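Only one structure is covered here, and it is reproduced in the block below.
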Amino acid sequence: MPNKKENIENLQKKLGEVLGLERAAQKAVDELISMKLLKSNSKDESREIQEEASNHEEKIQEVASIFSEDKDVQLDINKVEESAKETEEKATNIMKIYLGEKPDTSEALEFLCLAEGGEVAHYEVLQTICSNFDNKKALSTVKSILKEEQRHLTRCIDMAKSVVS
């Protein structure tokens with residue numbers, strides 16, 4: 001069981017990671033559309049997911065703010081932002097490597113599945129970390145986002161399957 005200091009460090013890191021993933025997801029949708037890899041229905045669904053990612057980004061910033069103002073936690077927003085920036089850069093690089101030189105629609109949608117799966121995993125871990133703190137609002141927010149991310153993953157899988165069926 002991590003001590004209080006380790007819990008705070010884990011919280012800062014994981015909040016930053018989910019922020020970075022949400023930001024990278026928004027950019028990925030724009031890039032995949034500009035590359036003409038997302039068409040009609042998958043384009044519309046991806047835009048909806050992108051909008052929800054923007055909402056998640058705002059909610060996670062609110063959670064970070066809650067913990068930064070908590071006298072028992074005193075979360076360092078700068079460390080959260082450092083982690084977010086690093087994670088966003090990594091996720092963007094992963095997309096470029098995954099898609100390669102001549103990606104097709106199937107690869108683009110499968111990458112979105114990969115990204116959403118990563119977000120689900122990160123939110124699962126963040127939920128566990130948040131449960132170590134006595135803040136019901138923050139935990140409730142993370143649980144709510146996790147449910148939406150699980151739906152995003154299902155939607156992405158359905159889109160990827162529809163392209164090949």
If you line up the long axis of helix 136-164 against the longest principal axis of the chain, both from Cα atoms, how many degrees apart are they, to the nearest 10? 10
Rounded to 10°, Cα long-axis angle of helix 4-34 versus longest principal axis of the chain: 20
The extension gain from GLU86 to GLU51, computed as 0.36 nm times the residue separation minus the Cα-Cα distance, is 10.4 nm
The helix 105-130 Cα axis meets the longest alpha-carbon principal axis of the chain at an angle in degrees, between 0 and 90 and rounded to 10, of 10
Which of SER42, ALA53, LEU126, positive extreme of dipole for segment 1-154 (C-beta unit charges): LEU126
Please find the FRET efficiency linking ASP104 to THR154, where r is the Cβ-Cβ separation and R0 is fixed at 22 Å, and quote it to the nearest 0.05. 0.50
Using the crude model of +1 on Lys and Arg Cβ and -1 on Asp and Glu Cβ, and no other charge, please compute the dipole size for the chain relative to its Cα centre, in debye to 20. 220
Among LYS36/LYS102; LYS59/LYS136; LYS39/LYS102; LYS39/LYS147; LYS13/LYS90, which pairs are too far apart, with a Cα-Cα distance over 20 Å? LYS39/LYS147
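Throughout, read-outs are computed from the coordinates displayed, never taken from laboratory work. Source: prediction; values computed, not measured. Glycine gets a Cβ as well: all are built from the backbone with ideal geometry, and neighbour counts include every protein chain shown.
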